[in-house]
Amino acid sequence: MTSFRIAFTGTHSRSVTFAHIARRLADVGVEIFWIMPGAKHRIDHIVKQGFSPDRILDLAKIDKSYCPQSIERMEAHSRITASQMIINDRLLSEADGEKALGYLGGVFTSVSKFITDNRIDIVFSEATWAYEMSVCAACSASGADFIVPHTVRIPSGRFGFFRGIFQNELIRNASEGRVLPMPSRFQAETGYMPPPLISRRHFSGFFRHMDRFIRDSAKDETEQTMFQLIGERLLRAFNGRMAGFDRMPAKPDGDYVLMPLHISPESSLDVLGGMWNNQLELIRCIARSLPHGVKLAVREHPAGIGRRDFRFFRQTASIYNVVNVSPYSDNAELIKKARAVISVSGSACYEAAFAGVGSVVFSDVFFGALPTVFRCRSAEDIGSVLKEAMNAKADRHALAEFLADIADNSYEGCVESAEVAPQAMTEENARMVSQAFMDFLENYSASERPLYAASMSSRWI
């Protein structure tokens, strides 16, 4: 293999998964670097895995002084503004504006220098937090690629490499002949089950967080303070009780369009959704656009129970043609019987294609090429686009071709954090995923730059 110099970002427990993979890559000669948001216990874990501290950029120690020129340079290499980065970040949005801008500018300047000084080819990262958006811009400015390893949902148990923060460009590999047969039944890989409001895991996680909060002096802008964590837990328990989920029907009567809600906050809503991340206003727009006799069925995400203010569901229930359905209902059955599915960027629209149901999305998604998936770009177009989706006809041949293409350009394994998918930390998974990274790097080397599945690729994030 050509000698490669790559970096990983290390947000939350995903850093543990990445370290598990990086250790195997280092053993075959790949030069590994780290961009860490600052949590001392996570940096300590990386060092214990054998990575040198001088190859770790600790963002808690960078200069965070506000510099307008840094923000201007960052925005020149980004498709989203600094304001959008801040507003979409669940924690940075609560900070003073000048402090938040100083942080993002500092990340951009420091990461650009880190990439250039260490001749880093690729940064592998999540695409959730504001600092990761700034890292992506720094990659564009420094000639590196920003790559997001992420599940492809269907076929389950597989992941692909996506370019940029929007995860709409699945990168092709050089292999041929790995087409999977068309299965008779599809199951999306969600990893979510309706969680209890209070569990032993919550208590153990809380005390670990409190211990780190007391011992760590460095500020990680992706970690909640102890007070924020306490407040969130109490609110989730209160909202979960007050929302009345146990009184919601399993499914609506008559014809309906299904809108499964995104967890909020979440990258698929706050990053991919862009200007469409206010789901309550979107529900109002959709309700106005529905034809007579069709209701909008709104379903809370099972993992989002309690995260949303309980008054949200009182407001949706007050709209005459909107009905809230239970988050404990069978989502696959709801999709199958819906006239259409509508979501900002959710995989429910991907699943709908396999049920022969049309869907509407409000962002560019990698499954947008499916003939039953329709992209809506303005509130005024919702009615007409939704009508197309409701009249869409399933094309099993096109579906099989699309699935074969996804299978050809994805890899077996799990790249989620162990908290979401415990199997991510098994030795067998580490072997499969690290081999996938090696294959990806070899393909990258053979073509100098990766081969992109989408024709809309660009050097911007």
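The values are calculated or read from the model by the stated rules, or taken from the named source; none is laboratory data. Here the structure is a predicted model, which means the values were calculated and not measured. Virtual Cβ from ideal backbone geometry, glycine too; neighbours counted across all protein chains shown. The accessibility values were calculated without ligands, DNA or RNA, using every heavy atom of the protein model including side chains. Shrake-Rupley method; radii C 1.70, N 1.55, O 1.52, S 1.80 Å.
The order of Thr81, Thr222 by accessible area, most exposed first and with a 1.4 Å probe, is Thr81, Thr222.
In this structure, the amide hydrogen of Asp145, modeled 1.01 Å from its nitrogen in the peptide plane, lies closer than 5 angstrom to those of Ile122, Val123, counting only residues at least 5 positions away or on a different chain. Simple spin-label estimate for Met425 and Phe238 gives 3.3 nm between the two label positions (7 Å along the Cα-to-Cβ direction from each Cα). Pairs to check: Lys251/Lys387; Lys61/Lys99; Lys40/Lys113; Lys251/Lys295. Give those whose C-alpha atoms are more than 20 Å from each other in this structure. From the list (Lys251/Lys387; Lys61/Lys99; Lys40/Lys113; Lys251/Lys295), the Cα-Cα distance tops 20 Å for Lys251/Lys387; Lys40/Lys113.
Summing charges over neighbours of Gly293, with a neighbour being any other residue whose Cβ is under 13 Å away from its Cβ, gives 0 when K and R count +1 and D and E count -1. Extending 7 Å from Cα along the Cβ direction at Asp117 and again at Leu229 yields two label points whose distance is 3.1 nm. A dipole drawn for the chain from +1 and -1 charges on Cβ atoms has a positive end, and of Val360, Gly240, Ser52 the residue lying farthest that way is Gly240.
Couplings 3J(HN,Hα) of the stretch 429-444, computed from phi: 5, 4, 5, 5, 6, 5, 5, 4, 5, 5, 4, 4, 5, 5, 5, 4 Hz, in residue order, whole Hz [Karplus 6.51 cos²θ - 1.76 cosθ + 1.60, θ = phi - 60°; x for Gly and Pro].
Applied to the stretch 88-94, the Karplus parametrisation 6.51 cos²θ - 1.76 cosθ + 1.60 on θ = phi - 60° returns per-residue 3J(HN,Hα) values of 7, 8, 5, 10, 5, 5, 8 Hz, with x for Gly and Pro. Axis angle, to the nearest 10 degrees, between helix 130-142 and the longest C-alpha principal axis of the chain: 60 degrees.
Could you give the dipole magnitude of the chain about its Cα centre, charging the beta-carbon of Lys and Arg +1 and that of Asp and Glu -1, in debye to the nearest 20? Spell out each step's value before the answer.
Details: 52 positive and 53 negative charges, 221 e Å.
Around 1060 debye, computed over the chain.
From the alpha carbon centroid of the stretch 74-129 to that of the stretch 299-367 is 31 Å. Placing +1 on the Cβ of every Lys and Arg and -1 on the Cβ of every Asp and Glu, with nothing else charged, gives the stretch 323-458 a dipole about its Cα centre of roughly 700 debye. Which shape class applies to the stretch 289-350: rounded if a/c is under 1.5, otherwise prolate when a/b exceeds b/c and oblate if not, where a ≥ b ≥ c are the square roots of the Cα gyration tensor eigenvalues? The shape class here is oblate.
Hey, if we sort Thr128, Thr316 by accessible area with the 1.4 Å probe, largest down, what's the order?
On the way: Thr128 25, Thr316 0 Å².
Descending order: Thr128, Thr316.
Hull volume per residue, based on the alpha-carbon atoms of the chain and their convex hull, is 144 Å³.
The accessible area of Cys285, taken with all protein chains in place and a 1.4 Å probe, comes to roughly 40 Å².
In summary, the stretch 98-166 shows an alpha-carbon radius of gyration equal to 1.23 times the 2.2 N^0.38 Å reference for compact globular proteins. Over the stretch 255-364, the reciprocal of the mean inverse Cα-Cα separation, the Kirkwood hydrodynamic radius, stands at 13.9 Å. Phe227 contributes an accessible area of around 150 Å² to the protein surface, as traced by a 1.4 Å probe with all chains present.
Could you tell me whether the stretch 285-433 comes out rounded, prolate or oblate from its Cα gyration tensor? Rule is a ≥ b ≥ c as square roots of the eigenvalues, rounded for a/c under 1.5, then prolate if a/b exceeds b/c, otherwise oblate. Walk me through the numbers before you get to the answer.
Working: a/c = 2.38, a/b = 1.33, b/c = 1.78.
Oblate, since a/c reaches 1.5 and b/c is not below a/b.
Computed with a 1.4 Å probe on the full set of protein chains, the accessible area for Phe238 sits at about 100 Å².
Note on exposure: Val123, Val365 ranked by accessible area (1.4 Å probe, complete protein assembly) read Val365, Val123, with the most exposed listed first. Across every pair of non-identical alpha carbons in the stretch 214-300, the mean reciprocal distance, once inverted, gives a Kirkwood radius of 16.2 Å. Put the Cα centre of the stretch 381-447 next to the Cα centre of the stretch 1-70 and the gap is 25 Å. Along the axis of the charge dipole computed for the stretch 215-291 (Cβ charges of +1 for Lys and Arg, -1 for Asp and Glu, origin at the Cα centre), the listed residues Ile286, Thr222, Trp276 are led at the positive end by Ile286.
Would you work out the charge dipole size for the stretch 52-154 about its Cα centre, treating the Cβ of every Lys and Arg as +1 and the Cβ of every Asp and Glu as -1, and quote it to the nearest 20 debye?
Magnitude of the dipole: close to 140 debye.
Using the scaling law 2.2 N^0.38 Å as the reference, what is the normalised Cα Rg of the stretch 1-146?
Details: Rg = 14.7 Å, N = 146, 2.2 N^0.38 = 14.6 Å.
So the stretch 1-146 has a normalised radius of gyration of 1.01.
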